[in-house]
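Presented below is the structure to which this report refers.
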Amino acid sequence: MFIIGAIIFSFYVYFLIWNIFHSTKKQREENRYPTQNDPVDLDGMGNFSRFPENK
């Protein structure tokens with residue numbers, strides 16, 4: 001019985017760690033654009049003076 005519990009626990013820990021790394025990687029891919037430099041932002045203060053795009 002102990003072996004079955006250890007196997008289930010090891011699967012749980014494996015998928016927990018895999019999920020953390022996978023979600024972190026996916027989140028970095030989705031949020032990589034805000035970290036890039038903006039060629040229009042000459043003063044470095046951010047997007048204060050421009051209007052958002054109309055969609």
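The values are calculated or read from the model by the stated rules, or taken from the named source; none is laboratory data. Quick caveat: nothing in here was measured; it's all calculated off a predicted structure. Using ideal geometry, Cβ is built from the backbone for each residue, glycine included, and neighbour counts are taken over all protein chains shown.
Side notes on the structure shown:
- For Ile20: the one exception among (1) surrounded by 10 or more Cβ atoms within 10 Å (Cβ to Cβ); (2) at pLDDT below 95; (3) part of a helix (DSSP H, G or I): (2)
- Scope the range 23-46; condition at pLDDT below 65 and surrounded by 10 or more Cβ atoms within 10 Å (Cβ to Cβ); matching residues: Asp38
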